[in-house]
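*Asks:* Take a look at the following structure, please.
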Amino acid sequence: MASSSPPSTGSSTSSSPYRKLLHSLIYWALQRCRMSESPCRLTVSVKRSPESADSSPLRISVSDTGVGSKLEEFLELDALARETPVEIWDGTLLITTTGINDKAIYCYQFNLQEDTSSSARFTKLATTYKNHAIFSGTEVCLCLSNEADIDDFILWLVGFVRKIFVLRAANLACELFVEQTDSDGSENVCLSQDSDDVHPSITTSSMDRLVSGLKDYALSHGNISDRCEACYMDRDRLKIGTGAANNVDRRKAKGHLVEVVIVIAHTSSDLSCWMENCSSTQVLHFEDFIPYPISQSSFNVLMSIDWQSYGFKLKGGFMDDDGNAVLQWDNMTFARVDIAIHTYRGGYPVFVLCIL
């Protein structure tokens, strides 16, 4: 089930406020899908209007077919609204939502830049009736001005959604659409969840889903759409390590489960593999089914593992400004390592680690 509030993105990352904003909106959409306990779709749509580059806003939509939303979710965004310069985002969210048992679709305008006592903060818009149709879902729309670093933001968003695909979350289809129109024509990105591995069934465990997703991620070297053909030919030679433990971070609620998957790909002798002799690994870290900066305690565990017993020599490691963990290897001439860590509500009595 969804947790009561999204993980804080405050001091653990130097990301821009509007990155944090999208992180929170996608988090809530994903949790609504999880609470639905039925097949859902999560769609992120980004569109730059065909106006002059100096005035073209970025229109963003995050929609889901999960349970209807609650306004309390958006109150969590007050702090982010205060952090974001008004010339980049005016604090306005357009919210359209309906629950499975609702007879209507409700529309609201929420301006988080307005004071809580202001009548302009919350406006109920026209209601549309469902005419006996049965469905649920939410769409949240906002606009960012051209003052934001749009190109960098879109690059981050594409990578962010690509990481969500790694989890292969049950009952969830996730997709991203980016449409940019300028004087040189249209440049579009359509990113949907796909796999070269066996499609997991509804009964597949979250660990096995993570294994499948990380294998695909490893074979494409984290690239958005192109797999490495040289490595794909050796797909069956991938070595998989898995581990599970109760969360040891005392600040978090009990019942959180940590799952770890390690994929080891032997370096292809084919020079067409452009990741040959990769000497570092960026660890993919998730909380409640969404990419999230790694905690210091989890990073310390990674650094304390006896990697040499598995044939690897750890040279060092660091956490970058966005909270990503990077492990550096010494004399990594025969293999590459990809690592994913996922913390979510669950429970395991003991810690287990095995390299197959």
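*Asks:* Can you pull out the residues in the stretch 135-169 that are charged (D, E, K, R) and either assigned to a strand (DSSP E or B) or at pLDDT below 90 (or both)?
*Replies:* First pass over the stretch 135-169, keeping only residues charged (D, E, K, R): 139, 147, 149, 151-152, 162-163, 168.
Scanning the stretch 135-169 gives Glu139, Glu147, Asp149, Asp151, Asp152.
Residue-by-condition table, conditions (1) out of contact with any Phe, Trp or Tyr (no Cβ under 9 Å at 6 or more places or on another chain); (2) at pLDDT 80 or above:
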{"residue": "Leu257", "(1), (2)": "no, yes"}
{"residue": "Ser268", "(1), (2)": "yes, no"}
{"residue": "Ser279", "(1), (2)": "no, yes"}
{"residue": "Pro291", "(1), (2)": "no, yes"}
{"residue": "Met303", "(1), (2)": "yes, yes"}
{"residue": "Ser309", "(1), (2)": "yes, yes"}
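*Asks:* Looking at the stretch 242-251, which of its residues are at pLDDT below 90 and either in contact with a Phe, Trp or Tyr (Cβ under 8 Å, 6 or more places away or on another chain) or within 22 Å of Ile164 (Cα to Cα) (or both)? Steps first, answer last, please.
*Replies:* Residues of the stretch 242-251 at pLDDT below 90: 243-251.
Those that are at pLDDT below 90 and either in contact with a Phe, Trp or Tyr (Cβ under 8 Å, 6 or more places away or on another chain) or within 22 Å of Ile164 (Cα to Cα) (or both): Gly243, Ala244, Ala245, Asn246, Asn247.
*Asks:* Shifting gears a bit: Kindly list, by first and then second residue, each pair from a residue in the stretch 191-214 that is at pLDDT below 80 to a residue that is among the aliphatic types (A, V, I, L, M) and in a loop (DSSP other than H, G, I, E, B), limited to pairs with Cβ atoms under 7 Å and residues at least 6 apart or on different chains.
*Replies:* Qualifying pairs under 7 Å: Leu191/Ile224; Ile202/Ala170.
*Asks:* Take Leu125 and decide whether it is farther than 15 Å from Leu22 by Cα and without any contact (Cβ under 8 Å) to a residue 40 or more places away in the chain. Steps first, please.
*Replies:* On the way: farther than 15 Å from Leu22 by Cα: yes; without any contact (Cβ under 8 Å) to a residue 40 or more places away in the chain: yes.
Taking the combined requirement at face value, the residue satisfies it.
*Asks:* Could you check, for the stretch 125-134, whether at least one of its residues is under 21 Å from the mean Cα position of the chain (by Cα), at pLDDT 90 or above and either within 28 Å of Val189 (Cα to Cα) or not hydroxyl-bearing (Ser, Thr, Tyr) (or both)?
*Replies:* Taking every residue of the stretch 125-134 in turn, none turns out to be under 21 Å from the mean Cα position of the chain (by Cα), at pLDDT 90 or above and either within 28 Å of Val189 (Cα to Cα) or not hydroxyl-bearing (Ser, Thr, Tyr) (or both).
The values are calculated or read from the model by the stated rules, or taken from the named source; none is laboratory data. Remember, it's a predicted structure, so these values are computed and weren't measured experimentally. Using ideal geometry, Cβ is built from the backbone for each residue, glycine included, and neighbour counts are taken over all protein chains shown.
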